Structure formats: structure tokens, C-alpha cells
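K.L.:
Got a structure for you, written out below as C-alpha cells; questions coming shortly.
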Amino acid sequence: MIALAVLAAVAIGGAVPEPSVPVPPPGVARDRAVAALRSRAVTAVPGSSEAARVAAGMERIGAACLAENDLARASELLSEAYTLDEDNGLVLAELTLCYLRADDDASARFYLRRTEERAVHAPPEAYAVLGDVYLGLHRLDDAVFAWEECVRLGGTDPAVLERLARARDELAVSRGQRSRRFDHFVIYADPDVEERAVETVGTELEAAYARQTELFGTRLTSPQVVVLYAGRAYFALASVPDWSSGFYDGKIRVSVDSGAPGPGPIAVLRHELAHALLRAAGTRFPAWFHEGIAQWCEGRRLPVRDVRGAIAPVPASSSRDLDRLLASRRSRSAVRAGYAQALSLIEFLVATRGIGAIACLVDDVAVRGSAFGDALEGEAGITEVELFGRWRRWAGV
């Protein structure tokens, strides 16, 4: 945090950027915008005002690619922007986050050092991105400091303010945590969680990861952070319902006993890992698909004969209604009915189209960029409306 404090003390300056223009969506228009910027870059002298303006344009498109998880294109454009304007703090921060997500630790460390020690252009947005970097590294003190600097410099993004509040809460209950690295996971554990519990969790997660990556056809781009809590202090701060012993918010967070965790916590870990893998594949999956698949991966099953009782009083009639029910958390019974219906929909797809249909759906959305409804029609031959109708007949509800 000392290096970051030095950055905070550096004067803010630099060339005045061009007025911000909307970033074209992926496709021909964006390619043309990139080509135009590269044409200007040929004659721009690095460090000049013109170079800074071109770099700012490339940064905006690179940031959009980063938000879309197109890490290869993001790193390409942000690297070109860095070549033109090495003191652009926002570009440096975004390059760090890009390489961190791509699991390129050496490059992430390189750009993080440059951001902390050499940047002279540090707008609030740069500190917002740095907070995300530090949070991904589970460096909570630094994340809080970076987001506080973002606010001090005039940043007002509600999402940043929310992340700052949550990081402060997490920091308050995470003192003394230790960490251990496995092949695909970094596990942080409260002092009261015994080492044998950490070992069991790591072993079970690695086994679940092998199974789920085969199912989804997708992999994590960087080690997944897992936090093991001895108790529910953080869950209370995060307003997690008392019936839930785990959740995923970019990190897998689970409450465990101090000794070797039993079947319940292990199932929760498998459930949250499925959320992490689907999130890595893209964000265009409906909530019911997330929750149905996560339950399937934890090992939960719902026989057809039990569906009617599990979803009482009435099932949701559409994807939108079911997503709304899952998000409402208005009562434990209502949420349980929503989860049961989500699981039953997945079981219907598996029963009628085979387990391979799940991998194909994920591939269509994640790799080919299809909307979920289009992927469903392509792989299962039915619309979302037809899915709900056929499921009701299959389940007898």
C-alpha cells in the first residue's frame, strides 16, 4: 500500500483528451474505429498531445473489450495505448487487470509496479480499476485505499461506492486470514478454520473443477479465490439469507466448520464453482439456468414425481418470471420453489436432449456470442416459451 500512496501523492496532469464518443459494439464499426486510430498513431510522436488523444481513444475501446472479457483484444489495444502514452494511469491500471484475468502473473506484476510507481495521470477511474485489481489479489487494504482515492478525486460511480462499502465490511472480519494455493484455486481461511479443512476443500474443489470443465467446456482464466469463514459474520454484513451457507460474487465464499467439512459444505463449494465457471464463460445466461446447473453440479436431483410438491403453489410460467422469483428472496419457501423449478428445467433438458446439450448451450453463448434464447433453439430445437410449456407437460404440473 506504500507504493500506492506514493501514486496518490503525484500531481494529476497531462494532455486534455478528445471529447468522449460512444464505443461501437463489436463488429465492423469497431474495427473501423480501431483502424482509424492506428492510422493516426503512425504519425503521432509518443508522449505528444496527439499521441495522448489517440491513446485515450484506444483505451476506451480496449476497456470495452475488457468488460466483454475479450482479453486478447483488450491487451492488444491497451498495449498500443501504453506505447503512445506511458504515463496514462488508466491504461496502466486496465492493463494490469487484463493480465490478471488472463492469469499472466508476470505481466500483471510488471504493469502493477508501473501503475504504483510511475504513473502521473491518475484520474478517479484509474483508482477504480486498481481497486478491482487488488480485490482480485485479495489485497483488501489496498483495494479499500484505491477506491477511497477514487472517491477523494471526485469519483461518484455507484458501483465503486458499493464495492468500497463491501470491501470495508470484509476487511473488518478478515483479519488474520491465511492463504494456500492449489492448482486452480487460492484459498483464504479464517484463523479458526483448521488446516485439514483447507486441505479437504482444496482437494474437493480440484476434483469438482475437472468434472465441471468437462461438462461446460470452459475453464477459469485465473486462479479462483475461495474464502472459508468460521461463522457467519461476513454473511450478516453482506445481508446473505440465513438459509444460505455460501455465495459467489467473484469469490467463492463459504461458511465451514473448523474441522474437515462434511457433505453439506462440499456440495455448496461445488455449487458456487459452477457459478464461477458460468460467469467465466459469459454473463448472458438467465438466473434460472445458473441456479439449475449449479444445483445439478452439486449433486442435487429432483425426481419427476416430486416436482409438483417442490414447486407449490404454482410454477413460474416464463424465464423472466422465474428469474424474478429467484431474485426476490421474499420468503424461504418461495425461493426454494424457484430453485426446485430451475433444477427440474435442467433435468428436463438432460432427459430430452442429453447432458451434451448443456455444453453446447454454454459454447454457443460463450464462444459464438449467441443470445441464450437463440442457443436454446439451435441446440434443443425449442424456444424459451416452448421449453416452459414442454417442461410442464413432462413434469405433470
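Every number in this text was worked out from the coordinates using simple rules, so none of it is lab data. Here the structure is a predicted model, which means the values were calculated and not measured. Counting neighbours? That spans all protein chains shown, and the Cβs are built from the backbone with ideal geometry, glycine included.
K.L.:
If you wrap a convex hull around the C-alpha atoms of the stretch 2-173 and split its volume per residue, what is the figure in Å³?
P.N.:
112
K.L.:
Please give me, ordered by residue number, the trypsin sites (Lys or Arg not before Pro) of the stretch 204-260 that lie in loop per DSSP and have at most 13 other Cβ atoms within 10 Å.
P.N.:
Working: sites: 211, 219, 232, 251, 253; in loops: 219, 232, 251.
Answer by residue number: 219.
K.L.:
Rank 202, 231, 154 by mean-square fluctuation in a GNM of the chain with C-alpha springs under 10 angstrom and give only the top-ranked residue.
P.N.:
Among 202, 231, 154, the largest mean-square fluctuation in the Gaussian network model of the chain belongs to 154.
K.L.:
Shifting gears a bit: At 0.36 nm per residue, and after removing the present C-alpha to C-alpha distance, how many nm does the segment from residue 70 to residue 350 gain when stretched out fully?
P.N.:
On the way: separation 280, 0.36 × 280 = 100.80 nm, distance 3.02 nm.
Roughly 97.8 nm would be gained on extension.
K.L.:
To the nearest 20 Debye, how big is the dipole of the chain about its Cα centre, given +1 on the beta carbon of each Lys and Arg and -1 on that of each Asp and Glu? It would help to have the intermediate numbers written out before the result.
P.N.:
Working: 45 positive and 53 negative charges, 236 e Å.
Charge dipole, the chain, about its Cα centre: 1140 debye, nearest 20.
K.L.:
Right, next: If you keep only loop residues by DSSP, which trypsin sites (Lys or Arg not before Pro) in the stretch 55-130 have at most 15 other Cβ atoms within 10 Å of their Cβ?
P.N.:
Within the stretch 55-130, the qualifying trypsin sites (Lys or Arg not before Pro) (loop, at most 15 other Cβ atoms within 10 Å) are 118.
K.L.:
Still on this structure, I have one more. Could you tell me how far the Cα centroid of the stretch 31-82 sits from the Cα centroid of the stretch 123-172, in Å?
P.N.:
Answer, in whole Å: 25.
K.L.:
Follow-up question, since we're still on this one. Work out the charge dipole of the stretch 33-102 with +1 on the Cβ of Lys and Arg and -1 on the Cβ of Asp and Glu about the Cα centre, then indicate which of 33, 102, 71 is farthest towards its positive end.
P.N.:
The Cα lying farthest towards the positive end belongs to 33.
K.L.:
Using unit Cβ charges (K, R positive; D, E negative) and no other charged atoms, how large, in debye to the nearest 20, is the dipole of the stretch 16-78 about its Cα centre?
P.N.:
140
K.L.:
Right, here's the next one. Can you give me the distance in nm between label points at residue 333 and residue 237, each placed 7 Å from the Cα along the Cα-to-Cβ direction?
P.N.:
A separation of 3.5 nm, rounded to one decimal place.
K.L.:
Could I ask something else about it? In the chain, if the dipole is taken from +1 on Lys/Arg beta carbons and -1 on Asp/Glu beta carbons about the Cα centre, which of 246, 82, 299 is farthest to the positive end?
P.N.:
Farthest along the dipole direction, towards plus: 299.
K.L.:
Another question, then. Rank 376, 130, 315 by how far each Cα sits towards the positive end of the charge dipole of the chain (+1 on Lys, Arg Cβ; -1 on Asp, Glu Cβ) and give me just the farthest.
P.N.:
So the residue we want is 315.
K.L.:
Percent relative contact order of the stretch 2-173, based on C-alpha pairs within less than 8 angstrom and at least six residues apart?
P.N.:
Value for the stretch 2-173: 20 percent.
K.L.:
If you compute mean projected area of the Cα convex hull in nm² for the structure shown, which of (i) 21.9; (ii) 24.8; (iii) 20.2 do you land on?
P.N.:
Matching the structure shown: (iii).
K.L.:
Hey, another quick one. Output the antiparallel fraction of DSSP beta bridges having both residues in the chain, as a percent to the nearest 5.
P.N.:
Just about 40 percent of them are antiparallel.
K.L.:
Quick one: of the DSSP bridges fully inside the stretch 164-244, what percent are antiparallel, nearest 5?
P.N.:
45
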